[in-house]
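The values are calculated or read from the model by the stated rules, or taken from the named source; none is laboratory data. Computed from a predicted structure; not experimentally measured. All Cβ positions, even for glycine, are placed from backbone atoms using ideal geometry, and neighbour counts span all protein chains on display. Areas reflect the complete protein model, heavy atoms only, side chains present, ligands, DNA and RNA absent. Shrake-Rupley method; radii C 1.70, N 1.55, O 1.52, S 1.80 Å.
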Amino acid sequence: MVRYLSRDEVASPTLKHLAANCRCLRIARGLSQAELSELSGIAASHISNIENVRANPTIDSLEDLASALQVSVIALLQER
């Protein structure tokens, strides 16, 4: 189950790192959100919510994103 952050909820630093890393890696690979969606099996709207720090993805989603972006889950979560 996906958990979305409420408007007044402050995202954790790790969630902010995930958002930035996901966007940077996607753009570096020349992928649109729709293309990443096809590669990962995650809805493009959910990818948008992750990149805009509005969603707290599951471990399964993190693994799918990492695989599609050809990085480790740790690389998605680390500060850059």
Once Lys and Arg are counted +1 and Asp and Glu -1 for all other residues with Cβ under 14 Å from that of ASN52, the total becomes +3
Region 9-80 -> Rg/Rh from Cα coords, Kirkwood Rh, value 0.91
Heavy-atom accessible area of the chain with neighbours in place, 1.4 angstrom probe: carbon+sulfur share in percent works out to 52
Residue by residue through region 61-71, the couplings from Karplus 6.51 cos²θ - 1.76 cosθ + 1.60 with θ = phi - 60°, in Hz, x for Gly and Pro, are 5, 4, 5, 5, 5, 4, 4, 5, 8, 6, 9
With x for Gly and Pro, the residue-by-residue ³J(HN,Hα) of region 16-23, computed from phi through the Karplus equation 6.51 cos²θ - 1.76 cosθ + 1.60 at θ = phi - 60° and given in whole Hz, is 5, 5, 4, 4, 5, 5, 4, 5
Loop-resident GluC sites (Glu not before Pro) in the chain with no more than 16 other Cβ atoms inside 10 Å, DSSP not H/G/I/E/B, are GLU9, GLU79
Result for the chain: accessible area per residue, probe 1.4 angstrom, in square angstrom, of 60
Farthest towards the positive end of the dipole of the chain, among ALA55, SER12, ALA43 and with Cβ unit charges of +1 on Lys and Arg and -1 on Asp and Glu, lies the Cα of SER12
Other residues with Cβ under 13 Å from the Cβ of ASN21 give, with Lys and Arg +1 and Asp and Glu -1, a net charge of +3
Only helices counted: for the chain, with every DSSP H run of 4 or more residues adding -39500 (n - 2.57) and the sum spread over all residues, [θ] at 222 nm is -17500 deg cm²/dmol
